[in-house]
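Since every read-out is calculated from the coordinates, none of them should be taken as a lab result. Remember, it's a predicted structure, so these values are computed and weren't measured experimentally. Glycine also receives a Cβ, built like all others from the backbone with ideal geometry; neighbour counts cover every protein chain displayed.
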Amino acid sequence: MQRWRGLEEIPEGWGRSVVTIGSFDGVHRGHQVIIGRAVARARELGVPAVLVTFDPHPSEVVRPGSHPPLLAPHHRRAELAADLGVDAVLILPFTKEFSQLQPAEFVARVLADRLHAAVVVEGPNFRFGHKAAGDVGTLAELGEQHGFTVEVVDRFERGTVGEGRPYSSTLVRRLVAEGDVAGAAEVLGRPHRVEGVVVRGAQRGRELGYPTANVETLPYSAVPADGVYAGWLHAQDEAMPAAISVGTNPQFDGTARTVEAYAIDRVGLDLYGLHVAVDFVAFLRGQERFDTLEGLLERMAIDVKQARELVTPATRG
């Protein structure tokens with residue numbers, strides 16, 4: 001799959017394509033329906049399918065300080081899009097100048113002049129251009145002028161979580177913030193993941209017999225609510241069952257919020273300095289402060305046992 005950052009990286013002579021545009025944060029099941037339709041149309045026409053997204057999140061440029069928690073960094077979105085059959089991902093740097101493009105300018109510059117869109121596939125709530133002035137109706141009108149058609153994919157309704165409302169990134173963020181990682185996984189179609197580099201912490205886990213990878217998460221990451229979780233630690237091309245702690249370590253009067261993953265039954269792992277990923281499968285309990293260290297150790301043993309029993313290959317992200 002090709003990856004471009006900015007219009008200037010699109011190869012000269014790029015032909016017709018089927019395009020879908022959006023933030024696609026999390027690439028949840030609703031996104032997957034839209035992307036899947038774009039890929040299907042591209043295959044029918046014998047042209048590439050292109051996903052267009054933005055960096056940074058448009059809200060941070062339009063309303064500085066309002067950047068939402070991110071469900072997936074751009075490289076992860078590209079991986080997930082590739083799994084769905086997308087042929088190229090275009091990341092458009094979202095600047096103040098770019099945010100002021102009128103809908104007609106956006107369509108001419110991006111869809112017509114560079115991507116030579118034959119079909120554009122979007123959800124019903126798609127908005128674009130300065131102050132979100134353009135909608136799917138605007139897009140269809142401009143498409144008639146520039147030689148492409150627009151297909152609108154109906155909202156994808158959710159199942160058991162949230163009374164059948166449409167899947168959305170906002171919903172996933174709320175579920176993650178509440179610690180409902182099982183609900184988030186239902187919307188995403190896979191476990192929620194955070195990524196980052198393993199850094200040196202207080203090393204108390206090592207002293208207690210449960211050495212953890214202290215993950216310095218990427219900026220704006222959507223980190224689940226404080227508590228203990230079962231999940232997976234992905235490192236060095238390996239997925240390892242894990243018990244994961246999120247919070248400030250109240251047992252030791254901590255103040256910094258951390259994400260620490262213990263790779264169950266693994267000995268001698270040295271992950272310092274490596275970029276790793278942590279998948280959250282199930283919430284086990286909230287953070288607690290125990291009366292004694294022995295009480296903490298007893299609870300940690302139970303946590304590890306529960307995590308080991310809950311995490312199976314079928315839950316791997």
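Each Lys and Arg contributes +1 and each Asp and Glu -1, all at the Cβ; summed about the Cα centre of the chain, the dipole is approximately 180 debye. When the Cα positions of Ser23, His57, Gln102 are compared along the charge dipole of the chain, Gln102 comes out farthest toward the positive end, with charges on each C-beta of Lys, Arg, Asp and Glu. Database remark: amide H of Leu70 closer than 5 angstrom to the amide H of Ser221, Ala222 (H placed geometrically; neighbours at sequence offset of 5 or more, or on other chains; Pro and chain starts carry no H). Across the options Pro69, Ser245, Phe283, the greatest Cα extent toward the positive end of the charge dipole of the chain (unit charges at beta carbon of Lys, Arg, Asp, Glu) belongs to Pro69.
Based on C-alpha pairs under 8 angstrom that are at least 6 apart in sequence, the chain has a relative contact order of 16 percent. With contacts taken as Cα pairs under 8 Å and at least 6 residues apart, segment 45-187 reaches a relative contact order of 19 percent. Annotation note: trypsin sites (Lys or Arg not before Pro) in segment 237-301 located in DSSP loop regions with a Cβ neighbour count of at most 12 within 10 Å are Arg257, Arg289.
When both bridge partners sit in segment 2-152, DSSP labels roughly 5% of those beta bridges antiparallel. Its DSSP H runs of at least 4 residues, each contributing -39,500 (n - 2.57), put the calculated 222 nm mean residue ellipticity of the chain at -8000 deg cm²/dmol, to the nearest 500. When +1 charges are put on Lys and Arg Cβ atoms and -1 charges on Asp and Glu Cβ atoms, the dipole computed for segment 175-310 relative to its Cα centre reaches about 100 debye. Between the entries [x] 0.96; [y] 1.01; [z] 1.11, the label attached to Cα Rg over 2.2 N^0.38 Å calculated for this structure is [z].
For segment 1-41, the list of trypsin sites (Lys or Arg not before Pro) that fall in a loop by DSSP and count at most 15 other C-beta atoms within 10 angstrom is empty.
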